[in-house]
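Working notes, structure below.
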Amino acid sequence: MLHAPPKNTLRQKERIIDMTTLNKNNIEKRLAICCQGVQTLKEQLGRVLVGLDDVVESSLIAIAAKGHALLEGVPGLGKTLLVRSLAEAIEGTFSRIQFTPDLMPADITGTNVIIPREGSHDFEFHRGPIFANIVLADEINRATPKTQAALLEAMQEHSVTVSGLTHRLDGMFSVFATQNPLEMEGTYPLPEAQLDRFFCKLLVAFPQENELAEILRRTTCDIPSQVEKTVAGSLLLDLGQCARMVPVSDELLDMVVSTVLASHPGGSSATPKVKKYVRYGASPWGGQSLMLGAKIRSLLCGRFNITSDDIRTIAPMVLRHRIILNFEGHAEGITTDEVIEELLAGTRHV
């Protein structure tokens, strides 16, 4: 004979169902607000930027992931304008650091200043330009390794230590560092371990003919385009938090794992180009960045699940600076994007 479950048990089950529905509705509402905000950001940035749609979306993904981006391109392509406009559109504080060989770590992090008092004096910490929501590190490879290390430590730890006191970098904090690929004389290339701290590396390409014509029209008129403050930076951080709730199937998890493992020349699954041209493959940070970036992209596409297309789209931006070529690769003009393309070609069946 079947007995009815106790009333307390029924109420408990009803409460669980209600909470599940509430959480689902809450997430859907948050996602709708985030996606609408991102679309508004893209429209605002499109008023001043031409032909950089992919770079803009990748930059927003990097901020949502609480990561940092490395921008590479020849001078004059709008890298500084991109970062400055991005900070203005998300109502964030912005600072620009022009890296030069004589730049010191204290010029970035800040220093203690003596404040005279009656009969004595005190030390007061004056914050450096690193204390901002969006930081542009212009030509980062022109500073000495000691100065680079000061910036990269803040990027990793989200804090600055001066005279034994730790100062937190709270809230949204993303560094966009630029590199000029043409002028390498007298520069200090970032070591592999420090490159790994960047979430992604974005290539800013030269504009097409129609894009160049539109740039000339906009920049030579008497009414320049401006970006308006549209959304708070916390919206992007909330998008990244929602992305961590996106489920991933075992097949797609295996795809990410196999892609990272196949990038190592000593691995059993290494591709021919990896074995011939690669000195060191992607780290676990590369796999983490690939997974999180794919999740964020899926939300921007209106899906609460990632696909293999998300992984293939995100892979070049998060792996191109983590795969280190050997001498033969540099000598033959091989690019890491070519290596990544071969890696992804081995996962077409997913």
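The values are calculated or read from the model by the stated rules, or taken from the named source; none is laboratory data. Just so we're clear, the structure is a prediction, and the values are computed from it rather than from any experiment. We place every Cβ from the backbone using ideal geometry, glycine too, and count neighbours over all the protein chains shown. Ligands, DNA and RNA are excluded from the accessible area calculation, which covers all protein heavy atoms including side chains. Shrake-Rupley method; radii C 1.70, N 1.55, O 1.52, S 1.80 Å.
Per residue, the Cα convex hull of the stretch 195-280 amounts to 214 Å³.
Here T187 and K66 are evaluated by their C-beta separation; at R0 = 41 Å the FRET efficiency comes out at 0.90.
Here the gap between L216 and Q288, fully extended at 0.36 nm per residue and compared with their Cα-Cα distance, gives a gain of 21.9 nm.
Is the shape of the stretch 120-274 rounded, prolate or oblate, going by the alpha carbon gyration tensor and its root eigenvalues a ≥ b ≥ c, with a/c under 1.5 for rounded and a/b larger than b/c for prolate? It comes out rounded by the Cα gyration axes.
Considering only the Cα atoms of the stretch 46-122, their convex hull presents on average a projected area of 8.3 nm². Based on DSSP loop calls and a cut-off of at most 13 other Cβ atoms within 10 Å, the longest stretch of the chain free of exposed GluC sites (Glu not before Pro) is what? Longest stretch, sites excluded: 1-117. Rg and Dmax, both from the Cα atoms of the chain and both in Å, are 23.5, 90. At 18 angstrom or more along the helix axis (alpha-carbon based) and mean Kyte-Doolittle of -1.0 or higher, what helices does the chain contain? Whole DSSP H runs only. Span-like helices, by this rule, are 7-45, 284-300.
Going through the cross-link list K79/K273; K42/K66; K201/K295; K79/K201, which pairs have a Cα-Cα distance over 21 Å in this structure?
Details: K79/K273 31 Å; K42/K66 19 Å; K201/K295 18 Å; K79/K201 13 Å.
Long pairs (Cα-Cα over 21 Å): K79/K273.
Global dimensions of the stretch 254-298 from alpha-carbon coordinates: Rg and Dmax equal 11.3, 34 Å. Can you tell me how the stretch 259-350 classifies by the Cα gyration tensor, rounded, prolate or oblate, using a/c under 1.5 as the rounded cut? Taking the square roots of the gyration eigenvalues as a ≥ b ≥ c, the stretch 259-350 is prolate. Across the options Q288, I215, Y188, the greatest Cα extent toward the positive end of the charge dipole of the chain (unit charges at beta carbon of Lys, Arg, Asp, Glu) belongs to Q288.
Rounded to the nearest 0.05, what FRET efficiency do D309 and I33 have when you use their Cβ-Cβ distance and R0 = 30 Å?
Details: r = 25 Å, r/R0 = 0.83.
Here the calculated transfer efficiency is 0.75.
Remark on L325: its backbone amide H falls under 5 Å from those of R279, a criterion applied only to residues 5 or more positions apart or on other chains, H modelled at 1.01 Å from N. Rolling a 1.4 angstrom probe over the chain with all protein chains present gives an accessible area of which 54% lies on carbon and sulfur atoms.
The slack in the chain from D254 to D170, taken as 0.36 nm per residue of separation less the alpha-carbon distance, amounts to 26.8 nm. Be a star and scan the stretch 28-67 for residues whose amide nitrogen sits under 14 Å from the point 7 Å along the Cα-to-Cβ vector of E228. Within reach of a label on E228, which here means backbone N under 14 Å from a point 7 Å along Cα→Cβ, the stretch 28-67 contributes 40-48.
Applying 0.36 nm per residue to the separation of D102 and E332 and subtracting their alpha-carbon distance, the gain on full extension is 79.3 nm.
Restricting the trypsin sites (Lys or Arg not before Pro) of the stretch 176-261 to loop positions (DSSP other than H, G, I, E, B) with no more than 12 neighbouring Cβ atoms within 10 Å leaves K229, R244.
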